[in-house]
Amino acid sequence: MPLANQTREKMSAHKIAFTEGNIIDGCLDHDVIQNGTILVNSATDEGRTYSTIDQVGSSNDIEIPGDYRVISLNGRYVLPGLINCHAHLPFDGTPKQPMSGKKVEKLIRKLKRSTLFQRAYAGKLKKNMVNALNAGITTVRGMAEPLYAEVALRKEQEKGLCAAPRIITAGPGICPTGGHANLISWIADGPWEFRKYVRKNIHEEVDFIKILSTGGVTDSRFVGEAGRVIMKPEEIEAACDEAHRNNMLVASHVQSPLGMKEAIKGGVDTIEHGSDFDDETADLMLDNPKSLRGYTAVVPTFSAAQAIIGRAGEGIITMTNVQVENSKIILERMVKGARACLDKGIRIGVGNDAIVPYVTQYNLWKELVLLVKYLGISHHHAIHLATLSSAKAIGVDQTTGSIEPGKSADFMVVDQNPLDDLKALAAPSMVCCMGRLIDSPVIREVKGVDTHRII
Ligand SMILES: [Zn+2]
C-alpha cells in the first residue's frame with residue numbers, strides 16, 4: 001500500500017537514506033550504480049510496516065532531505081532481495097535416509113493429525129523463514145505443505161508479529177490418487193474434484209494453486225515415473241478454470257515434454273521444474289490464451305536434482321537408486337528446457353525446491369551458481385533472474401523484485417561484489433524486507449549441510 005494512502009492514526013514514520021552503496025537494481029539492462037543512494041520512506045501502522053523506495057540513483061544526483069536518517073553502506077553492494085519461487089517452507093533440507101513404502105505413508109498421515117506434531121511443524125516453519133530472511137531472501141513461494149501453516153504465518157507476518165520474508169503460499173498441492181507428493185497434497189480424481197479442492201484452498205486463503213500433473217523424482221518407484229503424465233487434460237483445464245475465475249495463478253509440477261504440452265494447453269501459468277519442449281509448446285508459452293496473464297513462465301530447480309545426483313556420486317544416499325536415475329533424466333530435461341526458455345524469451349523464475357535433502361531455505365544463492373553453470377549466463381543475468389524476472393514470473397513485480405522508485409524496500413547488502421563471485425550472496429551484512437531493517441543477520445546452518453559446497 002503506498003504511503004500516500006496511509007491516513008490512519010497510530011502511524012509512526014521513519015525515513016532512511018542508504019548512501020555510498022554500489023547498487024545492482026535487478027534490471028538486466030542497467031549498469032551498477034557506483035556510489036549510489038536509496039531513499040526509503042517507511043511507516044508502521046498498528047504493527048504493520050509499509051515501505052516505499054522513493055528515489056534511487058547516483059549520490060551526486062540525489063539530495064537527502066533533512067528529516068532522513070543516513071546509513072552509509074561504505075562501498076558495499078546492494079541488490080534486490082532474492083525471490084525463491086519454489087520451496088516448501090516448513091522443510092529444512094536435513095540430510096536423511098531414503099523413506100518410502102506404505103508404513104512410512106501411514107506414519108506420516110498419523111503424524112499430521114497430532115497436535116504436538118503440528119506445533120513442532122509451525123515452529124520449524126518460523127525458524128526456516130527467519131533463516132531465509134537473514135540470507136537476503138525477501139519473497140518466498142510455498143509450493144505445497146499439507147497443514148495451511150504457511151497461510152497462518154503469512155497472516156502473522158502481515159501484522160508485523162514475526163520476522164519472515166513476504167510469503168506467497170499454495171497451501172496443500174492437488175494431485176490425483178497415487179500422484180506425486182500425495183502426502184502433502186489433496187487427492188482429487190476427475191475435473192469436479194479438482195474444482196472442489198481449488199475452492200477449498202481458496203476458502204483457506206491461499207495465494208495461488210499448485211497441481212501436480214506429472215510424476216516426480218522423490219517418490220518414484222521405477223525409472224521413467226518422474227515426468228509421466230498423471231492428470232487428464234480435462235482435470236488440468238478444470239483446475240485452471242476454477243483458479244482463474246478467482247484471479248489466481250496455477251503452478252504445476254511438470255517434468256516431461258508431454259507434461260509441458262498438456263499443462264500449458266490446459267492453462268497453467270507457471271511450470272515447475274520443466275523439461276524440453278517442442279515449437280508448438282514454445283509458441284503457446286509466449287501467447288497462452290488459456291492462462292491468466294496470457295503467457296506461461298518456467299521455474300527450473302537445479303539445486304534439487306544436483307543435490308540428489310551429486311551426493312549419490314559421493315556415496316551419500318538420500319534417495320533410492322531409481323530416484324537417483326530419475327533425477328539424472330530430469331536434470332538433463334530441465335537444463336534443455338531452461339536453455340530453450342532463454343533462447344525464446346520465455347519468462348524464467350528461480351527456485352531451489354527446498355525440501356529435498358541438502359537443499360535449505362537459506363542457500364538459494366547456490367541455485368544462481370547452477371544457473372550460471374548450466375545456462376552459461378553472466379552473474380548479473382543470474383541475479384536478474386532471481387529478482388525482477390522471478391517477481392514477474394510469480395506476479396509480484398508491481399511490489400518487489402527491483403530497487404526502483406515505488407517498490408517495497410526489499411534488498412540485501414553484501415560486502416563483496418557478487419558480479420565477481422556469487423558466493424558473496426551467501427552471507428549478507430544487512431537485509432531490508434518490507435521496511436524492516438536487519439543489521440548483521442545471522443544464518444543458523446542446518447546440521448550436516450555443508451554451506452559452501454555446490455555439489
Ligand atoms: Zn517442490
Residue match in the range 426-434 (condition: crowded, with 24+ Cβ neighbours inside 10 Å, of a type outside the set (Ser, Thr, Tyr), in contact with a Phe, Trp or Tyr (Cβ under 8 Å, 6 or more places away or on another chain) and part of a strand (DSSP E or B)): yes
Residue under evaluation residue 243, criteria (1) surrounded by fewer than 23 Cβ atoms within 10 Å (Cβ to Cβ); (2) away from the ligand (no atom under 16 Å from the Cβ), criterion not met: (1)
Subset tally (residues that are open to solvent by 10 Å² or more (accessible area, probe 1.4 Å) and either under 17 Å from residue 127 (Cβ atoms) or not in a loop (DSSP other than H, G, I, E, B) (or both)) for the range 413-425: 2
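In the list 173, 178, 227, which residue meets the criterion of being at pLDDT below 95, out of contact with any Phe, Trp or Tyr (no Cβ under 6 Å at 6 or more places or on another chain) and within 16 Å of the ligand (Cβ to nearest atom)? I'd like the intermediate steps shown before the answer.
Working: 173 fails: at pLDDT below 95; 178 fails: within 16 Å of the ligand (Cβ to nearest atom).
None of the other options fit; the residue is 227.
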Residue count for the range 105-137, restricted to those that are crowded, with 24+ Cβ neighbours inside 10 Å and either without any contact (Cβ under 8 Å) to a residue 40 or more places away in the chain or assigned to a loop (DSSP other than H, G, I, E, B) (or both): 3
Test: residue in the range 321-342 that is open to solvent by less than 60 Å² (accessible area, probe 1.4 Å) and part of a loop (DSSP other than H, G, I, E, B): no
Tally of residues being part of a loop (DSSP other than H, G, I, E, B) and either of a type outside the set (Gly, Ala, Ser) or over 26 Å from residue 50 (Cβ atoms) (or both) across the range 146-170: 7
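Tell me the residue from 277, 302 that is within 24 Å of residue 449 (Cα to Cα) and among the aromatic types (Phe, Trp, Tyr), please. Quick ask: steps written out before the conclusion?
Working: 277 fails: within 24 Å of residue 449 (Cα to Cα).
One residue alone meets the criteria, 302.
Within the group 229, 140, which residue is of a type in the set (Val, Ile, Thr) and free of Cβ contacts under 8 Å to residues at least 60 places away in the same chain? Explain how you work it out, then say what you get.
Values: 140 fails: free of Cβ contacts under 8 Å to residues at least 60 places away in the same chain.
Just one listed residue meets the conditions, 229.
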Failed item in (1) out of contact with any helix residue (DSSP H, G or I) (no Cβ under 6 Å at 6 or more places or on another chain); (2) open to solvent by 10 Å² or more (accessible area, probe 1.4 Å), with residue 410 passing the rest: (2)
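The values are calculated or read from the model by the stated rules, or taken from the named source; none is laboratory data. Keep in mind that what you see is a predicted model, and the values were worked out from it rather than measured. Virtual Cβ from ideal backbone geometry, glycine too; neighbours counted across all protein chains shown. Side chains included, ligands, DNA and RNA excluded: accessible areas come from the protein's heavy atoms. Shrake-Rupley method; radii C 1.70, N 1.55, O 1.52, S 1.80 Å.
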